[in-house]
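Pasting a structure below so you can have a look.
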Amino acid sequence: MVASQLRIPSILRTTVRTCQTGVIRPPRWAARPRFVVRPGPAQEEVMAQTGSLTVTGTGVVSGIAYAPVRRVQPRPQLPTGGTIDEGEQQAEIDHFAEAIVAVQNNLLERAEHATGNAAQVLRATAELTADRGLSRSVRKLIKQNETAEWAVVQAVDNLVTQFERLGGLYAERTTDLKDIRDRVVAELRGEPTPGVPEPTEPIVLVAEDLAPADTAGLDPELTVALVTEAGGKTSHTAIIARQLGIPCIVGTGKAIRRIKNDTTVLVDGAAGTVVANPDPDKAAAAVAESADYLNRVRSWRGPGRTSDGYGVELLANVGSGEAAAKAAAGQSEGVGLFRTELCFLSAPVEPGIDDQAAIYRSVLEPYAGRGGHTHVVIRTLDAGSDKPLAFANLETEENPALGVRGLRLATDNPDLLAHQLDAIAVARKGLDIDVWVMAPMVATVPEAREFAGACRDRGLWPGVMVEVPAVALNADQVLAEVEFFSIGTNDLTQYTMASDRLSPHLAALNDPWQPAVLRLIQMAAQAGLRANKPVGVCGEAAADPLLACVLAGLGVTSLSMAAPALPAVGVRLGDVTIEQCRQAACGALAAPDAVSAKARAAAILGG
Ligand code: PEP
Ligand code: MG
C-alpha cells in the first residue's frame, strides 16, 4: 500500500566624506587578469572559435569548470486520453512493467553513485515507483483499454488527490509522485529522463532557469557549474550557485541551446563564457590557474579586515540549519541573513510555532557560545514575488515584486508575523547568542516602528532591510526606530533602477555598481555612522570581492554572503587599505555608469 511507503517520508525530503584623489599603486596580485569580471551581459552572442563555439552570458559566480553539458530535460507533455484495442492489453501491461523496472533501475543506479541525503532520496523514490498499489491501478485501467501512458497519468492523479486530502507530510509527497509519473511517461515513450539530472560524474548543468526547489539537492562535487538562459546577477540561480560555491553564468538567452548535451565545455564564471570543445591544453591551463587562486582563497583565515587592520565583519547568508552548521565550520563570524522563507517553500500550511522554533534553533546553535559580538540575523518571512509560499501568498498579483511581499503580508495577516516572532523567541531560549531580527520590504517609518515594537515586546533586537529606496532616502528617521540596517542590494538595485532582477534583458541596468545604487547605500551607511548603529550589506553585492571593498569604503560595517564566497572577499579586503576602499568608493560614486564605476574602483584597488 502506498500509505505504508509514506511512513518513511523524512528520507524523501530534499529540502530544502569627502573624497581625496591620488595615485594609489594597486597590489601586486591585481595584475592577474583572470579575476576581472566582465561588466554587463552580451546576450545571445555566439561566435565560432577555431572549431569551437563560445556562448556569452552574465558571469555571476567566478571560477573555472571543465565538464560535459547536461541539460535539465523538460517535463513530458502529458496525454489527456488514449485507448488501445482489447488484443493489445497484455503488450501494454508488459510495456508498462518494463518502464517501471527501467525507471526504478535508473534511480537505484544513481543512488549507488550518490552519497548522503541524495542517495536516500533516490532510493526512496525508486521504492515509491515500484509501489504495488500504483501498478495495480495502472493495470486495471489498461484492462479497460486505456493506453499505459494515460493509465499512469490517471492513477497518479488519483493518488495525488488522495494525498492532498490527507494533507501534511502526505501532501508534500505529491511532488515525488508527479516526478515518478513524468519519468514513467518519458520512459514509455523512449524519451530522456525529465527534470534536473542526477549525475554520477561531474557535469555543467544547463537550464532555461532554475527554481530553488529544483536545486535543493544539487551536489557541488558533481554539478560543477550552472548556466541558465534566464536570470540576472541577483536571480536565485546566482544565489544558489554561490551557496554551492560553483561557477555560474546566467542570461545566455537561447544561444546556449547550440551547445548540445554531453559536449565538453569550459565555463569561466568571471568572464561569463561557455566554450564548447575547448582546446584541451588551454582548458587544462585555465583549470590550473584557477586552482592556484583557489589555494590562496582556501587558505584564507578570518576575521575580515583590510591590510591596515580596519575590521569589516564577514557573515554568512543561510537558508537552513545545515547551511548554518557548514558556514559556522568555515570562516564566517556570524549570520547576516537567514532567509526563513526558504525553509517553507513546499509547506502547504503555516508550520506551528514549535516546528518553526526547532528550525530557527538549528541555525542559532552552530554559533552559540562563541561570545564576543557573534550574532545571527533572522529575517522574517520574505514571502511573495519570486518566492511565494502556499500558506502566505494567497492572491495572484499583476506585479508581485511591487505587491504584497515581505513585511506587507503582516497587514492582512498579522498572526503570521506574530507567530514567527514568537517562534524566534522560543528558539533562542537558553542559547548564548545574540539574535537580531529584521523585516524585509520595509518602506516607511511607521512600518519600522511597529515591527520594532513587536520585536522588543518579545525581547528581540530589531532591524530593517534597506531594499526600498524610500528607506535609504529617509535613513536617519527609519534608523532611529530600530537597532540596525541590513542593505538588500538585490532588491534595492531592482527598485532603484526599475529593472526586474530576473530579467536577462535588464542585467546591465540591474547592477549594484550603478552609481545611483551606490549613492543610496552610502546614505544608509552614513546614517549608521551618525547614529552609531551597524549597517551591513546582505545582498549579492557583498559577495563581489571588488565591490565588497567599495562597500566598506562607503561605510558599511559588515558584509554577508553565501559562505563559500566569503574567503575570496576576505582575501581581497586583506589586500587593500581602508583608505583605498574610500578612494574607490568616491571614484565609483562619481562615475556616470556602472561600467565606469567598476573600472574606476578597479583602477584604485587593482583587478
Ligand atoms: C536582497 O534583496 O538583497 C536580499 C538579500 O533579499 P532577497 O535576495 O532574499 O530578496
Ligand atoms: Mg530582497
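The values are calculated or read from the model by the stated rules, or taken from the named source; none is laboratory data. As the structure is a prediction and not an experimental result, all values here were calculated from the model. When we count neighbours, we look across all protein chains shown, and the Cβ atoms used for this are built from the backbone with ideal geometry, even at glycine. Protein only, heavy atoms only, side chains kept; ligands, DNA and RNA dropped before computing areas. Shrake-Rupley method; radii C 1.70, N 1.55, O 1.52, S 1.80 Å.
What FRET efficiency do you get for Gln526 and Arg370 if R0 is 30 Å and r is their Cβ-Cβ distance, rounded to the nearest 0.05?
Values: r = 30 Å, r/R0 = 1.00.
Once rounded, the FRET efficiency stands at 0.50.
Ordered by packing density, taken as the mean number of other Cβ atoms within 10 Å over each peptide's residues, highest first, how do 510-518, 339-347 rank?
Ranking the peptides 510-518, 339-347 by packing returns 510-518, 339-347.
Here's another thing I want to ask about it. Sticking with the crude label model, points 7 Å out along Cα→Cβ, report the distance from Arg449 to Thr200 in nm, one decimal please.
Spacing of the two 7 Å Cα→Cβ label points: 6.5 nm.
Next question, about the same structure. Using only the Cα atoms of region 455-547, each taken as one equal point scatterer with no solvent, compute I(q) by the Debye sum, divide by I(0), and report log10 of the ratio at q = 0.21, 0.22 Å⁻¹.
So the normalised log intensities are -0.96, -1.03.
Hey, what do the phi angles of region 551-561 turn into as Karplus ³J(HN,Hα) couplings, whole Hz, using 6.51/-1.76/1.60 and θ = phi - 60°, x for Gly and Pro?
Whole-Hz 3J(HN,Hα) from phi for region 551-561: 4, 4, x, 6, x, 6, 9, 8, 10, 10, 7.
If you count only protein heavy atoms with a 1.4 Å probe, what accessible area per residue comes out for the chain, rounded to a whole Å²?
42
Classify region 495-565 as rounded, prolate or oblate, taking a ≥ b ≥ c as the square roots of the eigenvalues of its Cα gyration tensor: rounded when a/c is under 1.5, otherwise prolate if a/b is larger than b/c and oblate if not. If you can, show how the numbers build up before the last one.
Working: a/c = 2.31, a/b = 1.46, b/c = 1.58.
In terms of gyration-tensor shape, oblate.
Under the rule of -39500 (n - 2.57) per DSSP H run of 4 or more residues, summed and divided by the residues of the chain, what mean residue ellipticity at 222 nm is obtained, to the nearest 500 deg cm²/dmol?
After summing the helix terms and dividing by residue count, I get -13000 deg cm²/dmol.
Cα centroid distance between region 477-528 and region 539-607, in Å?
15
If you bin every alpha carbon distance in region 335-467 into 5 Å steps from zero, what whole percent lands in each bin?
2, 11, 22, 25, 20, 13, 6, 2, 1, 0
Continuing with this model, one more query. Can you tell me the Rg and the Dmax, both Å, for the Cα atoms in region 194-323?
In Å, with Rg to one decimal and Dmax whole: 16.4, 53.
Using the Cα atoms as the points, what is the convex hull volume per residue of region 303-399 in Å³?
117
Convex hull volume of the Cα atoms in region 74-189, per residue, in Å³?
Taking only Cα atoms, region 74-189 has a hull volume of 100 Å³ per residue.
Separate question: Classify region 530-607 as rounded, prolate or oblate, taking a ≥ b ≥ c as the square roots of the eigenvalues of its Cα gyration tensor: rounded when a/c is under 1.5, otherwise prolate if a/b is larger than b/c and oblate if not.
oblate
Along the principal axes of its C-alpha atoms, what lengths does region 300-605 span, in descending order and rounded to whole Å?
Each principal axis gives a Cα extent; for region 300-605 these are 53, 46, 34 Å.
If you take every DSSP beta bridge fully contained in the chain, what fraction is antiparallel? Give it as a percent rounded to 5.
Counting DSSP beta bridges with both partners in the chain, the antiparallel share is about 40 percent.
Tell me, what is the FRET efficiency for Asn277 and Asp457 to the nearest 0.05, using R0 = 51 angstrom and their Cβ-Cβ distance as r?
The pair Asn277/Asp457 has a calculated efficiency of 0.25.
Got a number for carbon plus sulfur as a percent of region 74-189's accessible area, 1.4 Å probe?
Looking at region 74-189 in its full context, I get 45 percent from C and S.
How big, in percent, is the set of alpha carbon pairs in the chain lying more than 31 Å apart?
53
To continue, here is another question. In what sequence, highest mean first, do 141-150, 453-462 appear when ranked by Cβ atoms within 10 angstrom? Present the calculation step by step, with values, prior to reporting the outcome.
On the way: 141-150: 20.0, 453-462: 16.4.
In decreasing order of mean packing, 141-150, 453-462 become 141-150, 453-462.
Probe radius 1.4 Å, ligands and nucleic acids ignored: give me the carbon and sulfur share of the accessible area of region 300-605 as a rounded percent. The partial results should precede the final answer.
On the way: 5750 of 10720 Å².
Looking at region 300-605 in its full context, I get 54 percent from C and S.
Net charge around Arg139, counting only other residues with Cβ within less than 11 Å of its Cβ (Lys, Arg = +1; Asp, Glu = -1)? If you can, show how the numbers build up before the last one.
Numbers: positive: Arg132, Arg136, Lys140, Lys143; negative: Glu92, Asp94, Glu146.
Neighbourhood net charge equals +1.
What nm distance separates the two modelled labels at Gln144 and Val101, each placed 7 Å from Cα along Cα→Cβ?
About 2.8 nm, to one decimal.
Mind running the shape call on region 236-283? Use the C-alpha gyration tensor, a ≥ b ≥ c as the square roots of the eigenvalues: rounded below 1.5 for a/c, prolate if a/b tops b/c, oblate otherwise. Don't jump to the answer; show the numbers that get you there.
Details: a/c = 2.14, a/b = 1.40, b/c = 1.53.
Oblate.
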